[in-house]
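Below is one structure, written out as structure tokens, with a few remarks after it.
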Amino acid sequence: MLLQVIAVKCDVRDPHSVRDAVSQCIDTLGQLPTVVVNNAAGNFVCPSERLSANAWRAVIDIVLMGTINVTMDVGKRLIAAGYSKHLLPHYCCCCCCYCSCGL
């Protein structure tokens, strides 16, 4: 079985950018993605107590909001396409480790 992998530029903080990127994947692959690597990160190399409010917001927007934006877009498309509810948990990317460990 030959798998095709593509890279798509996307600002995961922006749901419209995510929508366009997922559409580009579908146009290129001819089907919904079967695997989504939800791995965007925003980090600052400094102690957490020195982060400004804007820096913290940037990290949260990329890591948490980016994760939910991608997961929701693909998940909604899978539901609309009639995929089984048993497949959907595989698309639920979790940030628990990141959140519990801190920056």
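The values are calculated or read from the model by the stated rules, or taken from the named source; none is laboratory data. On a predicted model such as this, the values are computed, not experimentally measured, just so you know. Positions of Cβ are backbone-derived with ideal geometry, glycine not excepted, and every protein chain shown enters the neighbour counts.
Residues in the stretch 48-67 that are assigned to a helix (DSSP H, G or I), farther than 14 Å from CYS10 by Cα and not acidic (Asp, Glu): 11 in all.
Between VAL59, VAL36, which is surrounded by 15 or more Cβ atoms within 10 Å (Cβ to Cβ), more than 28 Å from TYR83 (Cα to Cα), touching a residue at least 40 places away in the same chain (Cβ under 8 Å) and within 19 Å of the chain's Cα centre (by Cα)? Explain how you work it out, then say what you get.
Values: VAL36 fails: more than 28 Å from TYR83 (Cα to Cα).
Among VAL59, VAL36, only VAL59 is surrounded by 15 or more Cβ atoms within 10 Å (Cβ to Cβ), more than 28 Å from TYR83 (Cα to Cα), touching a residue at least 40 places away in the same chain (Cβ under 8 Å) and within 19 Å of the chain's Cα centre (by Cα).
So that you can scan it fast, the table gives a plain yes or no per residue for (1) buried (at least 16 other Cβ atoms within 10 Å of the Cβ); (2) modelled with pLDDT of 85 or more; (3) part of a loop (DSSP other than H, G, I, E, B):
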residue	(1), (2), (3)
GLN4	no, no, yes
ALA7	no, yes, yes
THR28	no, yes, no
LEU32	no, yes, yes
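Annotation: of all residues in the stretch 74-88 being farther than 22 Å from VAL12 by Cα and at pLDDT 85 or above, the one that is surrounded by the most Cβ atoms within 10 Å (Cβ to Cβ) is ALA81.
Hey, among VAL45, VAL18, which residue is over 20 Å from LEU78 (Cα atoms) and either modelled with pLDDT of 90 or more or assigned to a loop (DSSP other than H, G, I, E, B) (or both)?
Details: VAL18 fails: over 20 Å from LEU78 (Cα atoms).
When all the criteria are applied, what remains is VAL45.
Within the stretch 1-43, the set of residues being touching a helix residue (DSSP H, G or I) at 6+ places or on another chain (Cβ under 6 Å) and of a type in the set (Val, Ile, Thr) comprises ILE6, VAL8, VAL12, VAL18, VAL22, VAL36. In the stretch 16-33, what count of residues is obtained for those that are over 21 Å from SER84 (Cα atoms) and β-branched (Val, Ile, Thr)? Residues in the stretch 16-33 being over 21 Å from SER84 (Cα atoms) and β-branched (Val, Ile, Thr): 2 in total.
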